Each structure stands twice: as C-alpha cells, then as structure tokens.
Amino acid sequence: MSKLFVMDHPLILHKISMIRDKNTGAKEFRELVNEISMLMAYEATRDLQLDDVEIETPICKMQTKVFSGKKLAIVPILRAGLGMVDGLLSLIPVAKVGHIGLYRDPDTLEPVEYYCKLPSDIADREIILVDPMLATGGSAAAAIGFLKEKGANNIRFMCLIASRKGIDVLQKAHPDVDIYAAAVDEELNDHAYIVPGLGDAGDRLFGTK
Ligand code: URA
C-alpha cells in the first residue's frame, strides 16, 4: 500500500485556510497555491537519493552530498495542475515539466487522454504528478495509468485537498504511488466536489466560471 503524507506545517495549514475562503480572489488564490506548492515540495522531496561527493571549499577538501543521478519531472494534470508548477519549480529548478490532459467520455464516462507531452527520458525520472483536488480519484488514477503506459515507473502524486474516497481509489489502483496532500476532507457532494473543499480549483486559479 502506498504512503499518505498529510502536511502539518502551520504555514501550509494557514494558507490552505485562506484558499478555502470564498472571498479570496483569483490573484491571491494563485499566489497562495504557488506558495503552498513550494512548501509541499520540501516535504515531497524529503526522500530523494543523495550521493557522496568530494568538493573543495576555499579552505579545504570535504565530503558532502548532492542529488544522485535520478532526475525529476513535474507533470501537472491540465488545467488546474498548472497552478502548482511554478511553486515546485522554484525549489526544483532543474526539473523538466510534462503535461497531461484528460476528459471524461460522455458516453462511457471513462477518462480519455487528449494531450500528453512528456520529457523523452520519462522512464528515468522521478515524477511528481500534480492536481490541486483529488476528488473521486478517477482522473489521477487514469493519468498515472497513462504515464505508466509511457514508461514512467517512479511516480508520486501531490494535491492540495484530497477526499477520503479519492485517496482510497488511488491507493487501490496504484499502490506504488505515494500521495502528498495538504489537507484531507471527508465528503464529496453529488457533483463530485470536495466538501468543504475550496470550490473549482481551475476556475478560481484562472478567474473563469
Ligand atoms: N475539482 C475541483 O476543482 N474541486 C473539487 O472540489 C473537485 C474537483
């Protein structure tokens, strides 16, 4: 079973309360999503592999640690996932960015991939798949399935708010994918919105409705 990491840092919790507030406008919402993503990047990269290397300071030689060869890719699920990319890149500027877009077929209700552009060496990268809201878990599970079909084998999923159901669905579908969530909410409503949640993350990020 994959691990679930729920953030407990006061800065993250404070900022999550602010993005939940319906009076927070698009500009502030975007800035907060950016900041929360950056703070979460710190937690989500805690277990990255390090190698020992020798360097020379102005004073003497020393043994120290740097990232091992495994490189990172950030993959937002379009469109709301885009709001989390810059925050992650500000801590991990060397990461490459892929994109995946899905829609739900109106007849079969199955997720269909309509766009996917990934770094060519995706199989060699640690992937942080991002989407602010893990609601039913359907899109995230499908996106991970599509990434695996393309060779990805080391994926972690990061969201701002996860529903209990979304976590269950994702853990059952992909027990190898750890989940990082800033908050976990218990309910989904009849329209698959997370309750209390924060509304439609894409609309709030981009000022659409
Ligand atoms: N997507 C959103 O943007 N919000 C939800 O509550 C659920 C899915």
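The values are calculated or read from the model by the stated rules, or taken from the named source; none is laboratory data. Keep in mind the model is a prediction, meaning the values are calculated, not measured. Every residue, glycine as well, gets a Cβ built from its backbone with ideal geometry; the counts of neighbours run over all protein chains shown. For the accessible areas, the whole protein counts, side chains as well, though only heavy atoms, and no ligand, DNA or RNA atoms are used. Shrake-Rupley method; radii C 1.70, N 1.55, O 1.52, S 1.80 Å.
Details
- Look at (1) at pLDDT 95 or above; (2) more than 20 Å from Ala143 (Cβ to Cβ) and you find that Pro93 fails only one, number (1).
- Checked against the criterion of being of a type in the set (Asp, Glu) and more than 29 Å from Gly25 (Cβ to Cβ), the candidates Asp176, Asp203 yield just one match: Asp176.
- Filtered by the rule that a residue be of a type in the set (Gly, Ala, Ser), assigned to a loop (DSSP other than H, G, I, E, B) and near the ligand (Cβ under 9 Å from one of its atoms), region 188-209 gives Ala192, Gly197, Gly199.
- Yes/no for Arg104 being open to solvent by 10 Å² or more (accessible area, probe 1.4 Å) and within 15 Å of the chain's Cα centre (by Cα): no
- Of all residues in region 1-27 being among the basic types (Lys, Arg) and outside any loop (DSSP other than H, G, I, E, B), the one that is farthest from Ala162 (Cα to Cα): Lys27
- When Ala162, Ala140, Ala181 are screened for being more than 8 Å from the ligand (Cβ to nearest atom), surrounded by fewer than 24 Cβ atoms within 10 Å (Cβ to Cβ), within 23 Å of Asp86 (Cα to Cα) and under 14 Å from the mean Cα position of the chain (by Cα), only Ala181 passes.
- The residue that is least open to solvent (accessible area, probe 1.4 Å), counting only those in region 143-159 that are among the small types (Gly, Ala, Ser) and more than 14 Å from the chain's Cα centre (by Cα), is Ala152.
- In region 109-137, the residues that are open to solvent by less than 50 Å² (accessible area, probe 1.4 Å), part of a loop (DSSP other than H, G, I, E, B) and away from the ligand (no atom under 16 Å from the Cβ): Leu118, Pro119, Asp121
- Search result, residues across region 143-191 that are closer than 13 Å to Lys3 by Cα and free of Cβ contacts under 8 Å to residues at least 60 places away in the same chain: Ile155, Phe157, Asp168, Lys172
- Filtered residues of region 55-75 (kept if of a type outside the set (A, V, I, L, M, F, W, C) and either touching a helix residue (DSSP H, G or I) at 6+ places or on another chain (Cβ under 7 Å) or in contact (Cβ under 8 Å) with a residue 40 or more places away in the chain (or both)): Lys70, Lys71
- Take the conditions (1) open to solvent by less than 30 Å² (accessible area, probe 1.4 Å); (2) β-branched (Val, Ile, Thr); (3) in a strand (DSSP E or B); Ile167 misses just one of them, which is (3).
- Being over 17 Å from Val85 (Cβ atoms) and open to solvent by less than 100 Å² (accessible area, probe 1.4 Å) is a property that holds for Ile16.
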